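The values are calculated or read from the model by the stated rules, or taken from the named source; none is laboratory data. What you are looking at is a predicted structure, and each value in this text was computed from that prediction instead of being measured. For neighbour counting, all protein chains shown are included, and Cβ atoms are generated from backbone atoms with ideal geometry for every residue, glycine included. Protein only, heavy atoms only, side chains kept; ligands, DNA and RNA dropped before computing areas. Shrake-Rupley method; radii C 1.70, N 1.55, O 1.52, S 1.80 Å.
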Amino acid sequence: MKHTGIKIMALCAAAVLAGTVPSEACTGISLKAKDGSIVLARTCEWGGSNLESRYVVVPRGYSMTSITPTGKNGMRYTSKYGYAGISVVQDSFVTEGLNEAGLSAGLFFFPGYGEYEEYDSSKNGSTLVDVELVGWILANFSTVGQLEEAIDGIHVVATSPEAGTAHWRIADRTGRQVVLEITGGKPHFYENKLGVLTNSPGFEWQMTNLNNYVNNFPGQATPNKLTDEVTLKQFGAGAGFHGIPGDVTPPSRFVRAAFYKATAPQYETSFETVKETFQILNNFDIPIGIEHTAGQALADIPSATQWTTSADQSALKFYYRTAWNSTIRCIDLNTIDFGKVSYQVHPLDKVQDQPVETLKIR
């Protein structure tokens with residue numbers, strides 16, 4: 001099987017290639033429109049290779065069998081809900097998606113802090129690998145509460161002993177959003193009222209770390225008169241954010257995302273909000289060169305940020321763009337008959353060359 005030769009590090013998913021440490025730097029935010037609709041958006045980074053990402057459409061009633069470290073012999077289940085999402089490396093490794101009940105789920109890389117239970121082949125009937133957990137969630141639940149009740153009945157394991165760990169963002173249409181982290185072999189849910197998630201360390205630590213930036217504020221800095229003759233003034237707009245970390249580490253991106261989200265204007269509709277999420281996440285696109293020693297950057301990947309998504313839970317629309325084509329595309333779940341549609345997998349980009357329109361100036 002394909003997974004046996006690749007060490008999948010979920011999320012942003014992908015194979016951890018020997019001797020390399022490229023970016024696995026995902027950033028997630030959520031915004032609420034004035035009409036009450038909630039939009040969840042995120043980036044997916046991987047600077048080591050092309051993730052071969054594709055979008056998948058899974059019908060209601062579709063039968064799935066999870067892989068385990070010893071083969072495709074894990075838990076079997078049938079999807080109660082149809083869903084659409086994006087997979088990486090393998091079709092079943094759904095990293096982000098939205099189901100027909102409006103439940104959103106996504107996997108974020110969480111190295112060094114997650115701790116799954118050890119794989120036990122005698123429990124294969126209730127075992128899922130971490131990179132297939134999102135698909136199981138989207139297929140089976142409409143609310144966070146339902147997932148909380150069911151999670152203790154399964155065993156989440158890594159694809160191999162060398163593989164890293166993940167944590168997950170799950171949100172339902174009631175507005176409830178949680179972070180799921182597995183530590184000490186046990187699942188833990190954290191209410192995510194901030195609506196931001198990145199990677200390691202854990203969510204509670206990231207929330208505590210925000211207090212280090214209590215001095216930052218939106219807008220302009222007030223002039224500071226040092227003496228009768230000397231007054232300090234800001235160089236330009238937005239000086240209240242001076243000191244916000246600008247590097248691409250997970251703690252710095254968490255802080256930056258929290259402030260950008262908190263200061264974003266609230267728009268009337270969900271579609272306007274979708275566009276705003278893409279605008280905010282532009283600030284988290286990671287140039288491929290940052291991830292590598294000078295002169296060692298991969299020439300065939302334009303950005304470590306291989307794709308960005310935005311899910312409109314109310315309108316049941318799933319949007320995405322890629323590093324190769326920044327045109328925003330939409331999968332409208334309302335137009336899909338999940339009781340009749342076939343299981344489908346398609347590349348995110350038909351061609352990896354973004355069209356350029358040359359304007360005719362007369």
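Structure summary
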| read-out | value |
| --- | --- |
| Protection proxy ranking, peptides 47-60, 231-244, average beta carbon neighbours within 10 Å, highest first | 47-60, 231-244 |
| 29 Å Cα-Cα threshold exceeded, pairs from Lys261/Lys317; Lys186/Lys340; Lys123/Lys317 | Lys186/Lys340; Lys123/Lys317 |
| Protection proxy ranking of 97-103, 38-44, 216-222 - average other beta-carbon atoms within 10 Å, highest first | 38-44, 97-103, 216-222 |
| Cβ charges +1 (Lys, Arg) and -1 (Asp, Glu), total dipole of the stretch 210-327, debye | 120 |
| Packing-based ranking, highest mean first, of 252-260, 268-276 given that Cβ atoms within 10 Å are counted | 252-260, 268-276 |
| Contact order relative to length of the chain, as percent, for alpha carbon pairs under 8 angstrom and 6 or more apart | 23 |
| Radius 13 Å from Cβ of Ser303, net charge of other residues (Lys, Arg +1; Asp, Glu -1) | -3 |
| Accessible surface of the chain, 1.4 Å probe, proportion on carbon and sulfur as whole % | 51 |
| Under 5 Å, built H, 5+ apart or other chain: amide partners of Gly47 | Ser23 |
| Environment charge of Tyr343, counting only residues whose C-beta is closer than 14 Å and scoring Lys/Arg +1, Asp/Glu -1 | +1 |
| Computed [θ] at 222 nm, helices only, for the chain once each DSSP H run of length n ≥ 4 contributes -39500 (n - 2.57) | -4000 deg cm²/dmol |
| Point-to-point label distance, Trp205-Thr249, nm (Cα→Cβ direction, 7 Å offset) | 1.1 |
| Where the stretch 282-362 is the region considered: accessible area per residue in Å², 1.4 Å probe | 60 |
| Computed over the stretch 274-362: relative contact order in percent, which uses C-alpha pairs under 8 Å that are six or more apart | 19 |
| Local electrostatic count, Tyr62, Cβ distance below 13 Å [Lys/Arg +1, Asp/Glu -1] | +2 |
